[in-house]
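Laboratory data are not the source of any read-out in this text; all were calculated from the coordinates shown. Keep in mind it's a predicted model, so treat the numbers as computed, not measured. Heads up, the Cβs are rebuilt from the backbone with ideal geometry, glycines too, and the neighbour counts pull from every protein chain shown.
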Amino acid sequence: MALWFLRGLRRGVVTTGYPAVVDAWARTLPTPPAFDPRQLTTELVDELADLCPSGALSRDPQNLVLDIGRCSACGLCNARAGGAARPSAAFELTATSRGRLVVHVPIEGAAP
Ligand code: SF4
């Protein structure tokens, strides 16, 4: 904290441009996953739901259900799902209701 403060004084920058300008370092933040529906199969979704340590992933008959409010952005699902998932880079995740944090992603991939 002290180093950050001293660097700000030395450079003459004590605040950032956020939210008008997103700082470059924000792109390195761990973020919840984003899924590609075309690469999701029911088998993969069930496997990811079992893998998720915080219970943020589940499946209804036709969708992967991601509860962003429970996701800790650990990255396990991204590592396991290969091209079917990637970090979303979304970090502005406040919502006015709990339901807005639950995302339904259609399962469009065919089973192997
Ligand atoms: S990033 Fe981690 S906590 Fe979030 S959905 Fe994937 S496995 Fe679950």
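Brief remarks follow.
- Scanning region 65-89 for residues that are within 12 Å of the ligand (Cβ to nearest atom), within 22 Å of residue 22 (Cα to Cα), outside any strand (DSSP E or B) and not polar (S, T, N, Q) gives 68, 73.
Conditions (1) outside any loop (DSSP other than H, G, I, E, B); (2) within 16 Å of the ligand (Cβ to nearest atom); (3) not hydroxyl-bearing (Ser, Thr, Tyr), marked per residue:
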site	(1), (2), (3)
9	yes, no, yes
15	no, no, no
20	no, no, yes
49	yes, yes, yes
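Let's see how each residue does on (1) under 16 Å from the mean Cα position of the chain (by Cα); (2) more than 16 Å from residue 36 (Cα to Cα):
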residue: 55; (1), (2): yes, yes
residue: 62; (1), (2): no, no
residue: 66; (1), (2): yes, no
residue: 73; (1), (2): yes, yes
residue: 88; (1), (2): yes, no
residue: 101; (1), (2): yes, yes
residue: 110; (1), (2): no, no
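- Cβ pairs under 8 Å, 6+ apart, first in region 26-54 and touching a residue at least 24 places away in the same chain (Cβ under 8 Å) and under 13 Å from residue 86 (Cβ atoms), second more than 9 Å from the ligand (Cβ to nearest atom) and of a type in the set (Phe, Trp, Tyr): 31/91
- Checked against the criteria, residue 41 does not count as within 13 Å of the ligand (Cβ to nearest atom) and surrounded by 14 or more Cβ atoms within 10 Å (Cβ to Cβ).
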